[in-house]
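**Student:** Questions regarding the structure given below will be posed in turn.
The values are calculated or read from the model by the stated rules, or taken from the named source; none is laboratory data. Just so you know, these numbers come straight off a predicted model, no measurement behind them. Every residue, glycine among them, receives a Cβ derived from its backbone with ideal geometry; neighbour counts consider all protein chains shown. Note: areas computed on protein heavy atoms with side chains; ligands, DNA, RNA excluded. Shrake-Rupley method; radii C 1.70, N 1.55, O 1.52, S 1.80 Å.
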Amino acid sequence: MRTSISLLHRTAAIIAFLLILSFFTSSVLVELFGSEQAVTEVKAVIFFSVWILLPCMAIAGITGSKLAPKASKGILGTKKKRMPFIAANGMLVLLPCAIYLHTLASKGQFDHTFYWIQGMEFVAGFINLTLMGLNIRDGLRLKNKRSPCLSTEN
């Protein structure tokens, strides 16, 4: 049972990380090299893909809590302390930004408001990618501690 929860946790976390990374990368690239039509298309894809991201984030959070319900110190404690910030940043900054940017882009409103919100989204996205990346790194460290044959120490 624990193994299936662990697999579900890892899978949901990796999918969430990759989605956010793809949102961030595609937004940067389309802003630098794309047309307004391309920006509109990327914002639409992000808007619809967010509805895949949200359950992945929820699953990662719930399964993480089930795997280490009492952890408050060490690597697990550190991972758990990052999660409320990742969740709040996602729900209170990134989700509203994605919705609003999609709305503005679909109306062709590429004005200072659009770019100000886009800048906020870039900062918040970078922060979440960094924190999630740290959690993935720490999760791999935990896995390597539990599996001596996977450890790089010989």
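**Student:** Enter the angle in degrees (range 0 to 90, nearest 10) between the Cα long axis of helix 112-146 and the first principal axis of the Cα atoms of the chain, meaning the one along which they spread out most.
**Tutor:** Roughly 10 degrees, rounded to the nearest 10.
**Student:** Mind checking the full-extension length gain between R137 and R82? Use 0.36 nm per residue of separation minus the Cα-Cα distance, one decimal, nm.
**Tutor:** Stretched out fully, the R137 to R82 stretch lengthens by 18.5 nm.
**Student:** Same structure again: Over the alpha-carbon set of segment 29-68, divide Rg by the Kirkwood Rh and report the Rg/Rh ratio to two decimals.
**Tutor:** 1.30
**Student:** Give the angle, between 0 and 90 degrees and rounded to the nearest 10, that separates the Cα long axis of helix 36-67 from the longest principal axis of the Cα atoms of the chain.
**Tutor:** The answer is roughly 20 degrees.
**Student:** Roughly speaking, what is the stretch gain from V123 to L92, that is 0.36 nm per residue apart minus the C-alpha to C-alpha distance, in nm to one decimal?
**Tutor:** Contour length minus Cα-Cα distance gives 9.8 nm.
**Student:** Test of understanding: what is the full-extension gain from S4 to F48, defined as 0.36 nm times their sequence separation minus their Cα-Cα distance?
**Tutor:** Length difference between fully extended and current span is 13.0 nm.
**Student:** In this model, which of K43/K143; K70/K143; K43/K66; K43/K79; K43/K81 are farther than 25 Å apart at the alpha-carbon?
**Tutor:** K43/K143; K43/K66; K43/K79; K43/K81
**Student:** Suppose every Lys and Arg Cβ carries +1 and every Asp and Glu Cβ carries -1, with no other charges. What dipole size does segment 75-141 come out with about its Cα centre, to the nearest 20 debye?
**Tutor:** Result for segment 75-141 is approximately 440 debye, rounded to the nearest 20.
**Student:** Can you give the angle from 0 to 90° between the axis of helix 74-89 and the longest principal axis of the chain, with both taken from C-alpha atoms, to the nearest 10?
**Tutor:** 20 degrees
**Student:** Of the labelled options (1) 1.18; (2) 1.54; (3) 1.29, which one gives Cα Rg over 2.2 N^0.38 Å as computed for this structure?
**Tutor:** (1)
**Student:** Do the sum for the chain: with -39,500 (n - 2.57) for every DSSP H run of n ≥ 4, divided by all residues, what is the mean residue ellipticity at 222 nm, to the nearest 500 deg cm²/dmol?
**Tutor:** Computed mean residue ellipticity for the chain: -29500 deg cm²/dmol.
**Student:** What percentage of the solvent-accessible surface of the chain, computed with a 1.4 Å probe over protein heavy atoms, is contributed by carbon and sulfur atoms?
**Tutor:** The C+S portion of the solvent-accessible surface of the chain is 70 percent.
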